[in-house]
1. Can you pull out the trypsin sites (Lys or Arg not before Pro) in segment 3-101 that DSSP calls coil and that have at most 13 other Cβ atoms within 10 Å?
2. At 7 Å along the Cα-to-beta-carbon direction for both residue 103 and residue 54, put a label point, then send me their distance in nm to one decimal.
3. Name the lysines eligible as straight-distance cross-link partners of residue 220: C-alpha to C-alpha under 17 Å, and not fewer than 8 places from it in the same chain.
4. Pop the C-beta distance of residue 4 and residue 61 into the FRET formula with R0 = 45 Å and round what comes out to the nearest 0.05.
5. State the answer as a single residue: which of 101, 138, 67 lies farthest towards the positive end of the charge dipole of segment 42-153, with beta carbon charges of +1 for Lys and Arg and -1 for Asp and Glu, about the Cα centre.
6. Determine the share of segment 31-107's accessible area contributed by carbon and sulfur atoms, expressed in whole percent, with a 1.4 angstrom probe.
7. Would you mind getting the accessible area per residue of segment 31-107, heavy atoms of the protein chains only, 1.4 Å probe, in Å²?
8. For 50, 8, 105, give me the order by solvent-accessible area with a 1.4 Å probe, most accessible first, ignoring ligands, DNA and RNA.
Amino acid sequence: MLMMNEKDRIIEIYRRLKKIHDVPTFRKCSSFEALILTILSQNTNDNNRDNAYEQLLETFEKITPEILAGAEVETIRDAIKVAGLHNQKSARLKNVSQVILDEYDGSVDAILERPLGEAREILVGLKGVGYKTADILLLFHAGYLTLPVDTHITRLSKRLGFAPVTAKYEEIRKNFQKYLERSLLIYKEFHLLLIEHGRATCKAIKPACSTCILEDLCPKIITKKPKKSKKKS
Ligand code: SF4
């Protein structure tokens, strides 16, 4: 592995990933729509999330806190079936819409305008909103420097040696942020590029290390113990 300090290594990782992956365009939408999309995206892929969102739009014509808070939960559930966990997600969508309506004047922006720490705590206090959803809203819709960590980023952070194999969300986020250049563009692109690389190359099962552009920058730390073979009796 190439010897360099962590700051240089992370910027080199970013540069190389940018060379080989197109940075996906982040869907333009209101902060409320983004909140709905991120709840729909839990435990499913982007296609299912987008299909569920389209179905929701077809059912209600417009997606606003007023409309979802006033809708029958069954109608929401039927519209978002394709995203899976539709019973849970429909209840969350209705509930979060009601809270945004009652406590924040129908505007997620009223939360995002608050200081970073405060906004983050309010967001994770909403039922169905975790730190990843909160950080996506804070980075992409409020321009705060916070790095959302998804399942791909978790895996890469450990294999690349930026976080211990036992690290949880906050430790991973903070460890990356310690070395990442404090630029909004880099935060956004780094988040999206790591996900792309996790999907294309550094897959959960059988990462393609021999063809990976980060091979000489990566200690390839094993994140899962191989299953023990049964002892012969
Ligand atoms: S070298 Fe292997 S473990 Fe490291 S980032 Fe590439 S695919 Fe993942």
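1. 27, 28, 62
2. 3.5 nm
3. Candidates past the 8-residue exclusion: 158, 203, 206.
4. 0.25
5. 138
6. 40 percent
7. 49 Å²
8. Output order, biggest surface exposure first: 105, 8, 50.
The values are calculated or read from the model by the stated rules, or taken from the named source; none is laboratory data. Note that the coordinates shown come from a computational prediction; the quantities given were computed from them, not determined experimentally. Neighbour counts are summed over all protein chains in view; Cβ atoms, including those assigned to glycine, are modelled from backbone coordinates with ideal geometry. We work out accessible area using only protein heavy atoms, side chains counted, and drop any ligands, DNA or RNA first. Shrake-Rupley method; radii C 1.70, N 1.55, O 1.52, S 1.80 Å.
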